[in-house]
Amino acid sequence: MNITIIIAAFNSEEHIAVCIESLYKSTFKNFETIIVDNGSTDKTITIVKKLQKQYPITIIQNDSNFGASVARNSGARKANGKLLFFLDHDAMIARDCLSEISQFFLLKDAGAAQCKLIDPSGEIDSLGHFITYVGFPYEINEEIMVDDQKPHKILGAKTAGLVIRSSVFQKIGGFDEDYLISAEDTDISWRIWLAKSSLYYLPSAHVIHYASNQKPQTDAYRKRILYEGSKNLINMIFKNADRYRLSFLLPFTLLVWIILSFKFLFMRDVPSALAIYKGIWWNVTHIYETWDKRMKNYYDGNMVVLDHTTLFGTISSIELIKKGWRWGVHA
C-alpha cells in the first residue's frame, strides 16, 4: 500500500533534515514525500532543496504562513498515495514505522490511525485523545489504555503522526482551513467518525516527536492561543456534535470560556479576556458558514451519533468534568 508523507514546515531548520533522512532510512520504500513550506524565514527551504538532490522530494512553497491546515490540504492535493501520512517537521520515524502502517491498513478496514508518539527520552508524548463534557480534549495516558500493545479506537489523533486513507480524506473535505492553530486535529478526527469510518491508535508504529514547534509563552502567543482555542473548540462542537450532545456540550463549553475570561478580568488581564470574547464573537458572525459545514456532516441524510466511549473514553463522568474544569482553571 503506497504512502504519501506530507510535512508542513515553518522555520524548521533545526529538525527538518533529521526528519527527512529518517524517512529514507525506512525499511519500507513504497512512499513519496511532499514538503509544504509555509513561508519560512530561516534556512528551512535551503536545507530541503539540498536534500532534494539526494532524495525524491516534492516541494510546495507558500509565500506566507497560512496555517498548518492550508499547508496540509495543499500537500494532499498533490498526493498519489492511498494513505496520507501527516508528519510534523520536528519528528522522526522508526525504521519499521511505514511498514507497520502499511500492514495495519492492509489488514484493518480503518479510516485513520495515530502512531505512537514518544519524546526523545522515550517517554509517551501522545496515545491519542478523547474530549471532556466541556468540549476540551484530554490526552490518553497508559493507565487509561487497557492494552498498549494492541490497536485501540480513539476519538482524536495528533497531526504529528496521523495517517488517513486518501479516500476518507477526500470524503470529509480535508482539514478545516478556518482552524489556523488549535483543535484542527480533533476536528478532522471527529469528522472521520462522522463519515462512518474509524480511527485507531497504532502502538507498533513509532514516531519520535521533538515538539520544537511549541511556542514560548509570550503575551502575544498566549492571546493568540486563547482566541484560536475559544473560536475553534466552540466551532468544532457546533459543527460536529449530534443534537443531544450539542445540548450540553455547547453551553458547558461557553460557560467555561466565560468563567475563564472573568478570571482574567479579575487578574486585570483585559487583553486575555478580550481574546476569548473575540473567539466567541467569531462564531456568532460565522454561524451560517458553520451551519453549512454541519450539514455536510449529514452523510446519507443523517448525523452519526457516536457512542459514549468513542467520544468521551472510558473514564467516569466525574473525571470528565474534573479534567475539563482543570483545563480552564490552569489556562
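The values are calculated or read from the model by the stated rules, or taken from the named source; none is laboratory data. Since this is a predicted model, take the numbers as computed values, not measurements. All Cβ positions, even for glycine, are placed from backbone atoms using ideal geometry, and neighbour counts span all protein chains on display.
Would you call I315 assigned to a loop (DSSP other than H, G, I, E, B) and not assigned by TED's automatic domain parsing to the domain that holds V168? Don't jump to the end; show me each part of the working.
Values: assigned to a loop (DSSP other than H, G, I, E, B): yes; not assigned by TED's automatic domain parsing to the domain that holds V168: yes.
Answer is yes for this residue.
With respect to Y201, determine if the residue is assigned by TED's automatic domain parsing to the domain that holds S22 and in contact (Cβ under 8 Å) with a residue 12 or more places away in the chain. When the stated conditions are applied, Y201 passes them. Per the conditions (1) touching a helix residue (DSSP H, G or I) at 6+ places or on another chain (Cβ under 9 Å); (2) over 23 Å from K239 (Cβ atoms), the sole criterion not satisfied by P137 is (2).
To keep it simple, each residue is scored yes or no on (1) surrounded by fewer than 23 Cβ atoms within 10 Å (Cβ to Cβ); (2) within 27 Å of G313 (Cα to Cα); (3) of a type in the set (D, E).
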position	(1), (2), (3)
I188	no, yes, no
P203	yes, yes, no
A220	yes, no, no
R243	yes, yes, no
I258	yes, yes, no
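On the given criteria, is S230 assigned to a strand (DSSP E or B), small (G, A, S) and either over 30 Å from D96 (Cα atoms) or in contact with an Asp or Glu (Cβ under 6 Å, 6 or more places away or on another chain) (or both)? Judged against the criteria, S230 is not a match. In the stretch 274-321, how many residues are farther than 18 Å from G173 by Cβ, surrounded by 11 or more Cβ atoms within 10 Å (Cβ to Cβ) and among the acidic types (D, E)? Total satisfying the criteria: 1.
Number of residues in the stretch 295-312 that are of a type outside the set (A, V, I, L, M), in a loop (DSSP other than H, G, I, E, B) and touching a residue at least 12 places away in the same chain (Cβ under 8 Å): the value is 1.
Criterion first (in contact (Cβ under 8 Å) with a residue 60 or more places away in the chain, touching a strand residue (DSSP E or B) at 6+ places or on another chain (Cβ under 6 Å) and over 30 Å from L249 (Cβ atoms)) does I118 satisfy it? Before the answer, list the steps.
Numbers: in contact (Cβ under 8 Å) with a residue 60 or more places away in the chain: yes; touching a strand residue (DSSP E or B) at 6+ places or on another chain (Cβ under 6 Å): yes; over 30 Å from L249 (Cβ atoms): yes.
When the stated conditions are applied, I118 passes them.
For L84, the criteria (1) part of a loop (DSSP other than H, G, I, E, B); (2) modelled with pLDDT of 95 or more; (3) not polar (S, T, N, Q) hold in every case but one, which is (1).
Only one of W282, W257 is among the aromatic types (F, W, Y) and modelled with pLDDT of 95 or more. Can you tell me which? Spell out how you get there, then give the answer.
Details: W257 fails: modelled with pLDDT of 95 or more.
Exactly one residue qualifies, and that residue is W282.
Check whether at least one residue in the stretch 213-225 is at pLDDT 95 or above and not in a loop (DSSP other than H, G, I, E, B), and report yes or no. Checked the stretch 213-225: no residue is at pLDDT 95 or above and not in a loop (DSSP other than H, G, I, E, B).
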